[in-house]
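What follows is a set of notes on a single structure, which appears directly below.
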Amino acid sequence: MKFFIDTANLDEIKEAYSLGILDGVTTNPSLMAKEGITGEENIINHYKAICNIVDGDVSAEVISTDFEGMIAEGEKLAALHSNIVVKVPMILEGIKAIKYFTEKGIRTNCTLVFSAGQALLAAKAGASYISPFLGRLDDISSNGLELINQIKTVYNNYAFDTEILAASVRHPMHIIHCAEIGADIMTGPLKAIKALANHPLTDIGLQKFLEDHAKGNK
Ligand code: E4P
């Protein structure tokens with residue numbers, strides 16, 4: 001299972017990468033705005049900065065909602081670095097754009113996926129990744145993990161190459177359940193990734209080992 005971090009914060013990306021288990025980064029316009037990154041030039045420079053930190057895929061999202069606009073933006077983003085994956089929203093114009101990028105050899109991440117039908121369309125267009133937003137489904141009393149499971153079944157039935165990038169992950173149990181289902185990748189906040197390491201028995205056990213070692217060495 002690949003681990004991506006879902007942030008545009010460079011310090012968090014550096015910290016996650018230093019753990020040695022980070023495979024990539026996802027961003028979105030809201031995450032960019034949260035870091036105060038606005039204006040085309042600053043956004044482009046920020047993507048370059050992320051690519052310089054992480055040796056792995058970096059999703060960069062288009063803002064246009066029409067085919068021509070998405071193509072123009074996506075080609076520019078893809079030219080920034082070989083690790084850039086163009087993130088395209090799950091709308092019909094986006095499906096057309098994904099098909100275009102696929103034929104051009106530009107990798108894509110179809111974002112804002114909330115149903116198996118959307119995931120099927122994106123896979124048929126050749127998306128490299130699809131991002132089902134499981135946390136946002138849970139937020140409206142729907143079942144995000146059930147969607148991941150359903151998409152996994154559909155993709156297995158037809159051996160689609162599109163990888164399932166479980167997105168909108170909120171906590172460590174989301175990550176564990178995604179791993180049980182067999183999602184190819186998860187993207188989540190640094191806090192959720194780090195929380196996987198926590199267990200009180202590990203802390204108690206380590207404390208006891210260190211105390212016993214200290215006593216034995218007196
Ligand atoms: C995915 O690529 C999105 O950036 C992200 O996972 C959305 O998460 P949120 O629902 O926590 O905003």
Exercise for the section: Say whether the condition of being farther than 21 Å from K194 by Cα, over 17 Å from the mean Cα position of the chain (by Cα) and of a type outside the set (V, I, T) is met by at least one residue in the range 83-93. Expected result: yes
Practice task
Evaluate the range 193-215: report whether one residue or more is out of contact with any Pro (no Cβ under 9 Å at 6 or more places or on another chain) and within 16 Å of the ligand (Cβ to nearest atom).
Solution key: no
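Conditions (1) closer than 19 Å to T65 by Cα; (2) modelled with pLDDT of 95 or more; (3) not polar (S, T, N, Q), marked per residue:
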position: A97; (1), (2), (3): yes, yes, yes
position: L120; (1), (2), (3): no, yes, yes
position: T162; (1), (2), (3): no, yes, no
position: V169; (1), (2), (3): no, yes, yes
Handout entry: Residue under evaluation N109, criteria (1) buried (at least 22 other Cβ atoms within 10 Å of the Cβ); (2) in a helix (DSSP H, G or I), criterion not met
Key = (2)
Fill in the blank from the handout: Selection from the range 129-151 of residues closer than 24 Å to G24 by Cα and surrounded by fewer than 21 Cβ atoms within 10 Å (Cβ to Cβ) yields F133, G135, R136, L137, L145, N149
Exercise for the section: Run E61 past the list (1) more than 25 Å from H174 (Cβ to Cβ); (2) surrounded by 16 or more Cβ atoms within 10 Å (Cβ to Cβ) and report the number of the one that doesn't hold. Expected result: (1)
Problem - Within the range 126-149, tally of residues that are in a helix (DSSP H, G or I) and farther than 17 Å from E180 by Cα - result: 4
Fill in the blank from the handout: Residues in the range 182-197 that are in contact (Cβ under 8 Å) with a residue 24 or more places away in the chain, surrounded by 17 or more Cβ atoms within 10 Å (Cβ to Cβ) and of a type in the set (A, V, I, L, M, F, W, C) total 5
Completion exercise
Sole miss for N109 among (1) away from the ligand (no atom under 14 Å from the Cβ); (2) in contact with a Phe, Trp or Tyr (Cβ under 6 Å, 6 or more places away or on another chain) is condition (1)
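Could you look through the range 9-53, keep only residues that are part of a loop (DSSP other than H, G, I, E, B) and in contact with a strand residue (DSSP E or B) (Cβ under 8 Å, 6 or more places away or on another chain), and pick out the one that is farthest from the ligand (Cβ to nearest atom)?
Per the criteria, the residue is I21.
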Handout entry: Where a residue in the range 204-218 is on the phi > 0 side of the Ramachandran plot and its partner, wherever it lies, is loosely packed, with under 10 Cβ neighbours inside 10 Å and not in a helix (DSSP H, G or I), with Cβ under 9 Å and at least six apart
Key = none
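Do we find that E73 is surrounded by fewer than 17 Cβ atoms within 10 Å (Cβ to Cβ), modelled with pLDDT of 95 or more and assigned to a helix (DSSP H, G or I) in this structure?
Details: surrounded by fewer than 17 Cβ atoms within 10 Å (Cβ to Cβ): no; modelled with pLDDT of 95 or more: yes; assigned to a helix (DSSP H, G or I): yes.
It is false that E73 is surrounded by fewer than 17 Cβ atoms within 10 Å (Cβ to Cβ), modelled with pLDDT of 95 or more and assigned to a helix (DSSP H, G or I).
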Handout entry: Members of the range 138-169 found to be closer than 24 Å to A127 by Cα, within 16 Å of the ligand (Cβ to nearest atom) and of a type outside the set (A, V, I, L, M, F, W, C), listed by number
Key = N143, G144, T162, E163, S168
Practice task
Tell me, please, whether a residue that is hydroxyl-bearing (S, T, Y) and in contact (Cβ under 8 Å) with a residue 60 or more places away in the chain can be found in the range 1-10.
Solution key: yes
Handout entry: Residues that are more than 16 Å from Y129 (Cα to Cα) and assigned to a helix (DSSP H, G or I), drawn from the range 159-186
Key = P172, M173, H174, I175, I176, H177, A179, E180, I181
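The values are calculated or read from the model by the stated rules, or taken from the named source; none is laboratory data. In this text, all values refer to a predicted model and were calculated from it rather than measured experimentally. Cβ coordinates were reconstructed from backbone atoms using ideal geometry, including for glycine residues, and neighbour counts include every protein chain displayed.
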